[in-house]
Amino acid sequence: MKTKVREKDDEEAARRVPTQERSKKRVERIIDAAAHVFAEEGYDAATMEGIAERAETSIGSIYQFFPNKLSLFTALARHYHAKLRAFFDMLLGGPLLEQPWGDILDAGIDALVAFHEQEPGFRAVWVGLHLTEQVVAEGEAINREFAQRIEAVLAAKLHGLPPKMRPVVATMMVEVLTAMLIVAARRPAEAKVLMAETKTLLRRYLAPYEVSRKGSERPRPAVRSRR
């Protein structure tokens, strides 16, 4: 049975905001430890004592900054979201967008998969999504933000995509990738093939909007029949 917890106001998210560099590093260490413990054990089984042991600090140090386990989970979720935004900034600000569309799609998905494989906060947040509507709402807001930013890429690369369809297509891309990353996290033995099929799915979905150099729309790829 899942533990039910009540929502907390923003004022209750942390007991004390660290100002000194030493305190900031301690909080980062606590959040990093919480990511590993929540990911490995799940929210319900995780304890503040176990997180303190993983962070190599005292339980009192944790309670200085986080009044309870939920406030620590909320801080972890925001920490993960901040890292995800920084990753997305790097991806869209790098040389990748100068490549052909097919290469952008494949390399972008590969980079996203690698980021989440190396980020314990992803699984920790996914496991605990049932805990707080606030974290879910913040995740949905990030997806909307990413979709809006992807619209500019679609405008530059998919000239056959009508402007009025860009928000819908960008949203489809973001939500499909989010969902499949979660499925892959649940099924690590199948993760590689699942993400490969996600690439195929998105390529075929977006293919009708690609335009050749002569300006004609590329034909829709044939769908393999199953017998």
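Inspection of the range 68-84 finds a residue satisfying the criterion of being touching a residue at least 12 places away in the same chain (Cβ under 8 Å), within 26 Å of LEU202 (Cα to Cα), of a type in the set (Ser, Thr, Tyr) and in contact with a Phe, Trp or Tyr (Cβ under 8 Å, 6 or more places away or on another chain). Scanning the range 62-96 for residues that are at pLDDT 90 or above and either more than 22 Å from the chain's Cα centre (by Cα) or assigned to a loop (DSSP other than H, G, I, E, B) (or both) yields ILE62, TYR63, GLN64, PHE65, PHE66, PRO67, ASN68. Condition check for LEU161 on (1) part of a helix (DSSP H, G or I); (2) touching a Phe, Trp or Tyr at 6+ places or on another chain (Cβ under 6 Å): one failure, at (1). Taking the criterion of being surrounded by 14 or more Cβ atoms within 10 Å (Cβ to Cβ) and among the small types (Gly, Ala, Ser), the only residue of the range 129-144 that qualifies is GLY139. Once the range 109-128 is narrowed to residues that are part of a helix (DSSP H, G or I), among the charged types (D, E, K, R) and within 12 Å of the chain's Cα centre (by Cα), the residue that is surrounded by the fewest Cβ atoms within 10 Å (Cβ to Cβ) is GLU117.
Looking at ALA170, ALA147, which is the one that is part of a helix (DSSP H, G or I), at negative phi, touching a Ser or Thr at 6+ places or on another chain (Cβ under 6 Å) and buried (at least 19 other Cβ atoms within 10 Å of the Cβ)?
Criteria check complete, one pass: ALA147.
Tell me which residues, restricted to the range 39-60, are under 24 Å from GLU117 (Cβ atoms) and part of a loop (DSSP other than H, G, I, E, B). Listed by number, the residues that qualify are GLY42, TYR43, ALA45, ALA46. Count, please, the residues in the range 111-122 that happen to be over 17 Å from HIS36 (Cα atoms) and touching a residue at least 60 places away in the same chain (Cβ under 8 Å). Total meeting the criteria: 2.
Count, please, the residues in the range 72-106 that happen to be among the small types (Gly, Ala, Ser) and buried (at least 17 other Cβ atoms within 10 Å of the Cβ).
2
For the range 132-142, the count of residues that are outside any helix (DSSP H, G or I) and either more than 15 Å from LEU84 (Cα to Cα) or over 16 Å from the mean Cα position of the chain (by Cα) (or both) is at least one.
The values are calculated or read from the model by the stated rules, or taken from the named source; none is laboratory data. Computed from a prediction, not measured in an experiment: that's the story for all the values here. Ideal geometry is used to build each Cβ from the backbone, glycine not excepted, and the neighbour counts take in all protein chains shown.
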